[in-house]
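Presented below is the structure to which this report refers.
The values are calculated or read from the model by the stated rules, or taken from the named source; none is laboratory data. All values derive from a computational prediction rather than experimental measurement. Cβ placement follows ideal geometry from the backbone for every residue including glycine, while neighbour counts extend to all protein chains displayed. Protein only, heavy atoms only, side chains kept; ligands, DNA and RNA dropped before computing areas. Shrake-Rupley method; radii C 1.70, N 1.55, O 1.52, S 1.80 Å.
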Amino acid sequence: MQTYVSPPGIALGRYDLATDDIAAALRRRHPELAGHPDFHAAARAVAGRRRRRTHPCPDGRVPEPYAVEDRRGDLRTLMQQACLQALRHAGVTARDVGALVVVQDPAPAAADPFLDGDLVLSLGLPSTTARVPLTGLSSTGAVHALIVAEDMARTGRSVLVVAAGIHPPLTTVDSGCATPAALARQLMVSDGGAAVVVSGEALAAPGLVIDETWQYAQCDSRASAHAGGYRAEDHPGLAALPWLRPGQERPDFALVHPGGPAPLHSLAEASSLPGRALEPSLARLADEGDLGAASVLRMLARLHESPPVGESPGLLLGLAPGYLAAACRVRWTTSATSQRNRPKLTHKGAS
């Protein structure tokens with residue numbers, strides 16, 4: 001059985017901000033940190049880039065509240081917009097969906113439950129829709145969700161997968177808790193949601209087909225540095241991934257989310273993946289920054305805009321610093337009815 005992934009639906013933050021403007025706003029609000037080398041280096045590294053945010057740059061220096069219900073509403077809006085687009089791209093209706101996988105990171109507080117129930121109602125999905133809320137997956141979230149969806153699609157369900165990343169408005173960064181690293185992170189991130197439909201039935205062609213899936217979980221303190229600074233090629237999950245071992249077919253394209261720009265650049269400098277294969281990931285990060293849980297699906301949307309040749313092998317990979325990895329071996333097909341012999345679809349756990 002082949003498992004098809006629809007073109008992603010994408011919803012980005014309302015405001016298109018120059019990173020220089022974000023840096024200037026942070027300097028105005030936190031003049032005591034504006035000269036710190038970490039923040040200064042980050043500002044230089046991303047100068048001239050743009051970010052999509054749900055809230056505009058602030059003018060004043062007075063912190064403004066960002067309540068739990070406000071964040072929940074912003075996340076729900078992005079997820080709903082992305083899901084509606086994904087359903088259209090896949091050519092299915094909400095009533096055709098049999099399962100919903102929702103990636104919500106960071107984990108919701110006790111008073112802020114998962115959004116899967118909200119989405120069933122707001123999208124008009126069947127009340128019997130199987131719901132799988134996911135959290136605690138860090139940079140592996142979207143790829144892990146695709147693995148779950150691929151398993152469920154084999155039972156004949158059409159599975160809607162959605163992930164979103166959102167960050168507090170700049171007005172909430174209080175001087176009492178601000179650090180140079182936190183301010184630098186504000187320069188790297190964008191707000192956005194992404195969704196796809198995963199199905200055993202043919203969807204749009206050309207498009208993505210999942211051939212094999214893999215997961216890894218093992219705590220390794222040596223690789224557990226801050227997500228923005230660890231060296232991705234040292235991640236134990238990368239060494240354990242069987243598809244990158246000598247003698248294996250190298251991917252023509254790799255959509256990789258290792259948690260930040262520094263790990264991705266370090267991965268591009270390593271020899272485990274061809275540099276050209278990482279070009280879609282590097283381009284998306286340079287243009288839009290880190291969309292968190294939605295990053296790999298956003299990369300997939302960009303791949304649809306500039307597709308590889310038919311039957312190209314590819315890799316989807318999420319790496320969380322120190323302990324988690326998830327991957328899908330995929331290919332780009334120009335025909336939804338291709339009957340070429342393929343590796344048996346399997347779900348492999350770490351050994």
Some residue of region 325-337 being farther than 26 Å from Leu78 by Cβ, at pLDDT below 90, among the aliphatic types (A, V, I, L, M) and surrounded by 14 or more Cβ atoms within 10 Å (Cβ to Cβ) | yes
What is the one condition in (1) in a helix (DSSP H, G or I); (2) open to solvent by 40 Å² or more (accessible area, probe 1.4 Å); (3) at pLDDT 90 or above; (4) farther than 22 Å from Pro7 by Cβ that Asp70 does not satisfy?
-> (3)
What is the number of the single condition among (1) open to solvent by 40 Å² or more (accessible area, probe 1.4 Å); (2) under 27 Å from Arg302 (Cα atoms) that Tyr4 does not meet?
-> (1)
Residues (out of contact with any Lys or Arg (no Cβ under 9 Å at 6 or more places or on another chain), part of a helix (DSSP H, G or I) and modelled with pLDDT under 80) located in region 226-268 = Ala232, Glu233, Pro261, Leu264, His265, Ala268
Can you confirm whether region 175-198 contains a residue that is assigned to a helix (DSSP H, G or I), of a type in the set (Val, Ile, Thr) and open to solvent by less than 20 Å² (accessible area, probe 1.4 Å)?
-> no
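Look through region 1-30, keep the residues that are part of a strand (DSSP E or B) and of a type outside the set (Val, Ile, Thr), and return whichever of them is nearest to Val148 (Cα to Cα).
Step one: of region 1-30, the residues part of a strand (DSSP E or B) are 3-5, 9-12, 15-18.
Retained after the next criterion (residues that are of a type outside the set (Val, Ile, Thr)): 4, 9, 11-12, 15-18.
Numbers: Tyr4: 14, Gly9: 19, Ala11: 22, Leu12: 25, Tyr15: 33, Asp16: 33, Leu17: 35, Ala18: 36 Å.
Selected residue: Tyr4.
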How do the pairs read when you match residues in region 233-252 that are under 17 Å from Thr213 (Cα atoms) and among the polar types (S, T, N, Q) with residues anywhere that are surrounded by fewer than 18 Cβ atoms within 10 Å (Cβ to Cβ) and at pLDDT 90 or above, using Cβ under 9 Å and keeping only pairs 6 or more apart or on different chains?
-> Gln248/Pro242
Wholly inside region 80-172, strands (runs of 3 or more DSSP E) that include 1 or more residues that are free of Cβ contacts under 8 Å to residues at least 60 places away in the same chain and of a type in the set (D, E, K, R) are 130-134
Evaluate the following for Leu315: is it open to solvent by less than 20 Å² (accessible area, probe 1.4 Å) and in a helix (DSSP H, G or I)?
-> no
Check region 12-28 and report whether any residue there is at pLDDT 80 or above, more than 30 Å from Leu87 (Cβ to Cβ), open to solvent by 30 Å² or more (accessible area, probe 1.4 Å) and among the acidic types (Asp, Glu).
-> yes
